[in-house]
Amino acid sequence: MAHQPFIIIAIDGGAASGKSSSSKILADRFNLLHVDTGSFYRHITYELLRLGVAHADLPAINAALAKLQFTTRLNGRSAQMLIGGQPAGVEIRGQNVNEHVSHYAALPEVRHALLGYQRGLVDVAQAHAFRGLVMEGRDIGSVIFPHAEFRFFLHADPAERAKRRAREGGQDSIAERDRIDSSRKASPLTCPVGAIDIDSTLLTLDQVVEKMAGLIAGQLSV
Ligand code: CDP
Ligand code: CDP
């Protein structure tokens, strides 16, 4: 079999725009390591809240971050980040983390702590013989992998996204998170120049995935 080049796919977008669902399907279809970087920010937020470190207390943030050790465990095709050897619990999807995560994620210190770890997942994917990696978040195509083979940005009307999240249950202030994520100075949520912009407001998940998969398959067969 001919050697297949390693591919990186970046998927960014606001809350409930369809990043996780589409990236998991693409990971299965193209044998990619799936990386949900939102879960990393959620896990760190949970940990800092547990330690009682306020996001405004930068010396305490720096001291706490210096002690956090990130390692990786595979959960099927998904990369799970462990902190101090521990996986994240269901609490990282709860209301408390929903309310605080954007404040911690806006800190350059927190983003810097994750930068090398996120890029290093290429090595993990290669070591486990994945054909590539699909990473979803807010700054993947702009900052983490600006030269990724494919960079997608998912848009959807805020009202439609709120409906999607409500259907999943739980309490989430997605408009407020989007506002903070888009207006922060460090790696704001934005569609990077050259990324493929998909408006999924009127599309089903299947239609979004087919659009992405068609573009990927088209280029891979060249
Ligand atoms: O699932 P949902 O899109 O609602 O959020 P998420 O992807 O789990 O991300 C949670 C939060 O982490 C976001 O609202 C951002 O504040 C932050 N985040 C970030 O700043 N950069 C990333 N690459 C991923 C997430
Ligand atoms: O990862 P992110 O927060 O961007 O969104 P998600 O968790 O993939 O999607 C949020 C919800 O919207 C899920 O229940 C998806 O099935 C649903 N969805 C949809 O109804 N239509 C789409 N075009 C994309 C996602």
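Keeping every protein chain present and rolling a 1.4 Å probe, give me the accessible area per residue for the chain in Å².
Roughly 49 Å² per residue, with all protein chains present.
What distance in nm lies between label points placed 7 Å from Cα along the C-beta direction at Leu215 and Ala166?
Reported label-point gap for Leu215 and Ala166 is 3.0 nm.
Calculate how steeply helix 58-67 sits against the longest principal axis of the alpha-carbon atoms of the chain, using the helix alpha-carbon long axis, and give the answer as 0 to 90 degrees to the nearest 10.
So the helix axis and the longest Cα principal axis differ by about 60 degrees.
Please count, across the chain, the pairs of lysine residues with Cα atoms under 26 Å apart that sit 8 or more places apart or on different chains.
On the way: Lys19/Lys163; Lys19/Lys185; Lys19/Lys211; Lys24/Lys163; Lys24/Lys211; Lys67/Lys185; Lys163/Lys211.
The result is 7.
Search the structure for amide H atoms under 5 Å from the amide H of Ile196, placed 1.01 Å from N in the peptide plane, and list their residues when 5 or more places away or on another chain.
Residues meeting the criterion, in which the H sits 1.01 Å from N, are Arg151, Phe152, Phe153.
With charges only on Cβ, +1 for K and R and -1 for D and E, what is the dipole size of segment 7-220 about its Cα centre, in debye, rounded to 20?
On the way: 24 positive and 23 negative charges, 55 e Å.
The dipole magnitude comes to about 260 debye.
At q = 0.08 Å⁻¹, what log₁₀ I(q)/I(0) does segment 7-220 have when each alpha carbon counts as one equal point scatterer in the Debye sum?
For segment 7-220, the Cα-only Debye profile gives -0.26.
Once you sort the root eigenvalues of the Cα gyration tensor of segment 61-123 as a ≥ b ≥ c, which label holds: rounded (a/c under 1.5), prolate (a/b larger than b/c) or oblate (the other case)?
Because a/c hits 1.5 or more and a/b fails to exceed b/c, segment 61-123 counts as oblate.
For Val193 and His128 in one chain, what is 0.36 nm times their gap in residues minus the Cα-Cα distance, to one decimal in nm?
Numbers: separation 65, 0.36 × 65 = 23.40 nm, distance 3.18 nm.
Full-extension gain reported as 20.2 nm.
Mind checking the angle between helix 108-119 and the chain's longest principal axis? C-alpha axes, 0 to 90 degrees, to the nearest 10.
40
Under 5 Å between amide hydrogens, which residues at least 5 positions from Ala16 or on another chain qualify, with H placed 1.01 Å from N in the peptide plane?
none
Rank-order 162-175, 137-150 by packing density, defined as the average count of other C-beta atoms within 10 Å over each peptide's residues, highest first. List each step's numbers first, then the result.
Numbers: 162-175: 13.6, 137-150: 21.1.
Peptide ranking by packing, descending: 137-150, 162-175.
Can you pull the one-decimal nm distance between simple spin-label points at Ala159 and Arg29, each 7 Å off the Cα toward Cβ?
Here the answer is 3.0 nm between the modelled labels.
For Asp57 and Thr204, calculate 0.36 nm times their separation in residues minus their Cα-Cα distance, and state this gained length in nm to one decimal. All intermediate terms of the calculation are to be shown ahead of the outcome.
Numbers: separation 147, 0.36 × 147 = 52.92 nm, distance 4.27 nm.
Once the chain is fully extended between Asp57 and Thr204, it gains 48.7 nm.
The values are calculated or read from the model by the stated rules, or taken from the named source; none is laboratory data. Bear in mind the structure is a predicted one, so any value in this text is a computation, not a measurement. So basically every Cβ, Gly included, is an ideal-geometry build from the backbone, and we count neighbours across all protein chains shown. Accessible surface is based on the protein model in full, side chains and every heavy atom, while ligands, DNA and RNA are left aside. Shrake-Rupley method; radii C 1.70, N 1.55, O 1.52, S 1.80 Å.
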